[in-house]
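For reference, the structure discussed in these notes is given below.
The values are calculated or read from the model by the stated rules, or taken from the named source; none is laboratory data. Here the structure is a predicted model, which means the values were calculated and not measured. Methodologically, a virtual Cβ is constructed for each residue, glycine included, from the backbone with ideal geometry; neighbour enumeration extends over all protein chains shown. Note: areas computed on protein heavy atoms with side chains; ligands, DNA, RNA excluded. Shrake-Rupley method; radii C 1.70, N 1.55, O 1.52, S 1.80 Å.
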Amino acid sequence: MSWQNKVNLGLQQRHTAEAYRHRSINEVGSGRFITVDGKRYLNFSGNDYLGLSQHPAVIRAWQQGAEKYGVGSGGSGHVTGHTRAHQVLEESLAHWLGYSRALLFISGYAANQAVLAALLDKSDHILADRLSHASLLEAASLSPAQLRRFAHNDVGMLANLLEKTQAGQTLVISEGVFSMDGDMAPLLQLHTLTQQHGAWLLVDDAHGIGVIGEQGRGSCWQQSVQPEILIITFGKSFGVSGAAVLCSDDVAEYLIQFARHLIYSTAMPPAQACAISASLREIQEGDELRQRLQQNMLCFQSSISKQWLGVMPSKTPIQPLIVGENQRALNLSASLRRAGIWGTAIRPPTVPEGSARLRMTITASHQSEDIERLSEVLNDACH
Ligand SMILES: Cc1ncc(COP(=O)(O)O)c(C=O)c1O
């Protein structure tokens, strides 16, 4: 098939499946409000769970960092791009989360790809939760290791697979908080199993870090688990972007030698590292923000009608309403928009076929009247 035919067919398939993606241009803001096509919307779709993308101390840290270092890092961290600002952030993160080392990456996507590509060989095995993020599953299927998926949070199935996996080494992969369902992994059980079988555990806690556990140290800390590899990202509760891999000294040194996403890519701007450090301080002192977030989540759960059968019993900022068909999710998203609320429809292949949903995200920036308005509009739409 020619590339032109491939392009035409791909676009046509997306239209037919009601899965065509559009980008909207957001003129202002990424916090409580966004402005699209001149209209202001209450934002219930972002991942800025603590509202730190708009925090004056974080904005100031970025500005001051840019004045000190300029706007770009000027090269790979292996050449001239690793500055004092990067080093300070790496050391603070490692100390905060109880690891020997932290290594910065420009995104969570890059971090997941880099770690799996550097670590895995043909004789290795990956056992991944079926609902793990696309960046993990894609990296796993591109790697030479043998990939098997276990049913979501199914510890029994994982135990069976570990029993059957003999030769080579095994990496078990899960998220701390699942990005599309908002539920949490049984990390203690996963960790115990991996320990019993001499396997390693990798946890991507993109959605748990900052909002869960003491000082926002995340899902692993809350469940008293230290996986061999912990991935955290800065585009969610930190309100910025980028990621870090937390690991042992040896693994960090190995990644510095062999992780191609580190070696052949420009390091994140130092000013961004300054902003992430400022965000980290806000997170460490952020009990009040986390309490507000908790209250908002409880308020949403208690005000949404029981007729909404697809509401997940989520204890995290991710509050999905599973509606099934793509067109229904699109219609609901459009009804919200008419009422001045931004709630994006999430459709396959991002989520499994037949489980299209509105992925509502509750943040600490929302006021109680915002949540009441959201519930009112959703409850009306339910009839
Ligand atoms: C669980 C998880 N891991 C990784 C990523 C990718 O992170 P980033 O946006 O920093 O590339 C995401 C992004 O949505 C995510 O939800």
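On the basis of being open to solvent by less than 10 Å² (accessible area, probe 1.4 Å) and within 13 Å of the ligand (Cβ to nearest atom), does residue 202 make the cut? Write out each step before concluding.
Values: open to solvent by less than 10 Å² (accessible area, probe 1.4 Å): yes; within 13 Å of the ligand (Cβ to nearest atom): yes.
In short, yes.
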Could you please find all residues in segment 86-114 being part of a helix (DSSP H, G or I) and more than 20 Å from residue 281 (Cα to Cα)?
108, 109, 110, 111, 112, 113, 114
Scan segment 218-228 and give yes if some residue there is within 13 Å of the ligand (Cβ to nearest atom) and more than 18 Å from residue 140 (Cα to Cα), otherwise no.
yes
Of the residues 321, 330, 358, which single one is assigned to a helix (DSSP H, G or I) and among the aliphatic types (A, V, I, L, M)?
330
Name every residue in segment 15-35 that is within 20 Å of residue 350 (Cβ to Cβ) and loosely packed, with under 14 Cβ neighbours inside 10 Å, in order of residue number.
15, 16, 17, 21, 22, 23, 24
Looking for something more than 22 Å from the chain's Cα centre (by Cα), modelled with pLDDT of 95 or more, assigned by TED's automatic domain parsing to the domain that holds residue 259 and of a type in the set (Lys, Arg) - is there at least one such residue anywhere in segment 74-86?
yes
Examine segment 174-192 for a residue that is within 16 Å of the ligand (Cβ to nearest atom), out of contact with any helix residue (DSSP H, G or I) (no Cβ under 7 Å at 6 or more places or on another chain) and within 22 Å of residue 101 (Cβ to Cβ), and state whether such a residue exists.
yes
When the residues of segment 230-277 are narrowed to those that are in contact (Cβ under 8 Å) with a residue 60 or more places away in the chain and aromatic (Phe, Trp, Tyr), which ends up surrounded by the most Cβ atoms within 10 Å (Cβ to Cβ)?
238
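Please find, within segment 101-152, the residue that is farthest from the ligand (Cβ to nearest atom) out of those that are among the acidic types (Asp, Glu) and open to solvent by 70 Å² or more (accessible area, probe 1.4 Å). Please lay out each step first, then the result.
Taking segment 101-152 and keeping what is among the acidic types (Asp, Glu), we get 121, 124, 129, 138.
Among the residues that remain, those that are also open to solvent by 70 Å² or more (accessible area, probe 1.4 Å) are: 121, 138.
Numbers: 121: 23, 138: 11 Å.
This residue is 121.
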I'm checking my understanding of the structure. Among residues of segment 86-100 that are farther than 15 Å from residue 65 by Cβ and either within 16 Å of the ligand (Cβ to nearest atom) or among the hydroxyl-bearing types (Ser, Thr, Tyr) (or both), which one is surrounded by the fewest Cβ atoms within 10 Å (Cβ to Cβ)?
100
Considering only residues that are under 17 Å from residue 352 (Cα atoms) and either among the hydroxyl-bearing types (Ser, Thr, Tyr) or modelled with pLDDT under 95 (or both), which ones fall in segment 135-170?
135
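Take residue 52 and decide whether it is within 30 Å of residue 336 (Cα to Cα), within 16 Å of the ligand (Cβ to nearest atom) and in contact (Cβ under 8 Å) with a residue 60 or more places away in the chain.
On the way: within 30 Å of residue 336 (Cα to Cα): yes; within 16 Å of the ligand (Cβ to nearest atom): yes; in contact (Cβ under 8 Å) with a residue 60 or more places away in the chain: yes.
When the stated conditions are applied, residue 52 passes them.
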Of all the residues that make up segment 278-291, how many are open to solvent by 70 Å² or more (accessible area, probe 1.4 Å) and touching a Leu at 6+ places or on another chain (Cβ under 8 Å)?
0
Going by the conditions given, is residue 73 free of Cβ contacts under 8 Å to residues at least 24 places away in the same chain and hydroxyl-bearing (Ser, Thr, Tyr)?
no
Could you give every pair whose Cβ atoms fall below 9 Å, whose first residue belongs to segment 371-383 and is open to solvent by 40 Å² or more (accessible area, probe 1.4 Å), and whose second residue is assigned to a helix (DSSP H, G or I), counting only separations of at least 6 or pairs across chains?
372/299; 372/303; 376/303; 380/335
Looking at residue 182, is it in contact (Cβ under 8 Å) with a residue 60 or more places away in the chain, on the phi > 0 side of the Ramachandran plot and in contact with a Leu (Cβ under 8 Å, 6 or more places away or on another chain)?
no
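Take the residues of segment 249-277 that are assigned to a loop (DSSP other than H, G, I, E, B) and more than 14 Å from the ligand (Cβ to nearest atom): which is nearest to residue 46 (Cα to Cα)?
Kept after step one, since they are assigned to a loop (DSSP other than H, G, I, E, B), are these residues of segment 249-277: 259, 264-265, 267-269.
Subset that is more than 14 Å from the ligand (Cβ to nearest atom): 259, 264, 267, 269.
Details: 259: 30, 264: 30, 267: 25, 269: 23 Å.
Selected residue: 269.
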